[in-house]
1. Consider Ala59 against the criteria (1) in a helix (DSSP H, G or I); (2) surrounded by fewer than 16 Cβ atoms within 10 Å (Cβ to Cβ); (3) small (Gly, Ala, Ser): it satisfies all of them except one. Which criterion is unmet?
2. What number of residues in the stretch 109-133 are part of a helix (DSSP H, G or I), modelled with pLDDT of 85 or more and out of contact with any Leu (no Cβ under 8 Å at 6 or more places or on another chain)?
3. Out of Ser93, Ser84, Ser102, Ser120, report the one residue that is under 22 Å from the mean Cα position of the chain (by Cα), under 16 Å from Gln151 (Cβ atoms) and of a type in the set (Gly, Ala, Ser).
4. Just one of the numbered conditions (1) aliphatic (A, V, I, L, M); (2) free of Cβ contacts under 8 Å to residues at least 24 places away in the same chain; (3) within 22 Å of Gln49 (Cβ to Cβ) is not true of Ile85; which one?
5. Taking the stretch 134-163, which residues are assigned to a helix (DSSP H, G or I) and of a type in the set (Gly, Ala, Ser)?
Amino acid sequence: MTDPLQLPLRDIHLPGEIPFWPPAPGWWILTALIVAATIAGWLLYRHKQMLKLSATRLAGVELRKIIGQYTTEKDPLMLLTQLSILLRRLSISLFPRTEVASLTGQAWLEFLDRKAALNSFATGVGRLLCEAPYRRKVTADEAELVLKHCQDWIEVVASGKAR
């Protein structure tokens, strides 16, 4: 038998270092997923902003119709009813439905105050939004003051300063 020391064997050769570039396919996939997720998040954010803008724009159009109808009919109760409906529809469009849909009475008025940082609904003349259907008479001055507060609320919410 031959002497193992005499065999023409070479020493162990280690492979070269793994190069930094180009990265392995897994890194390309991870990078693509991160870019796709970032773009999807940005598109979702833009879509929500556009829906909010659209809802407030439509609320402005609806508010002008309500004011026009009020100037012709001079019915304060109708004005307050329409304003209440408009504020509820806009709130359901802009805020989570679970947060808004079930609110009534004092809780609804407090929600309006909290979202626009106003104190004109729960403790002020804005209470007429809930009380008007149960009152015998609502004056035009009271209804127009509530209208002003509703316009202010819509402007604050449309400007993005709502909480």
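The values are calculated or read from the model by the stated rules, or taken from the named source; none is laboratory data. Predicted model, so just to flag it, every value in this text is computed and none were measured. With ideal geometry, Cβ positions are generated from the backbone for all residues, glycine too; neighbour counts draw on all protein chains shown.
1. Among (1) in a helix (DSSP H, G or I); (2) surrounded by fewer than 16 Cβ atoms within 10 Å (Cβ to Cβ); (3) small (Gly, Ala, Ser), the lone unmet condition for Ala59 is (2).
2. Restricting attention to the stretch 109-133, the residues satisfying the condition of being part of a helix (DSSP H, G or I) are 109-116, 125-133.
So of that shortlist, the ones also modelled with pLDDT of 85 or more come out as 109-115, 125-132.
Checking which are out of contact with any Leu (no Cβ under 8 Å at 6 or more places or on another chain) leaves us with 110, 113-115, 131.
Of the residues in the stretch 109-133, 5 are part of a helix (DSSP H, G or I), modelled with pLDDT of 85 or more and out of contact with any Leu (no Cβ under 8 Å at 6 or more places or on another chain).
3. On the way: Ser93 fails: under 16 Å from Gln151 (Cβ atoms); Ser102 fails: under 16 Å from Gln151 (Cβ atoms); Ser120 fails: under 22 Å from the mean Cα position of the chain (by Cα).
Testing whether each residue is under 22 Å from the mean Cα position of the chain (by Cα), under 16 Å from Gln151 (Cβ atoms) and of a type in the set (Gly, Ala, Ser) leaves just Ser84.
4. Among (1) aliphatic (A, V, I, L, M); (2) free of Cβ contacts under 8 Å to residues at least 24 places away in the same chain; (3) within 22 Å of Gln49 (Cβ to Cβ), the lone unmet condition for Ile85 is (3).
5. Ala140, Ala143, Ala158
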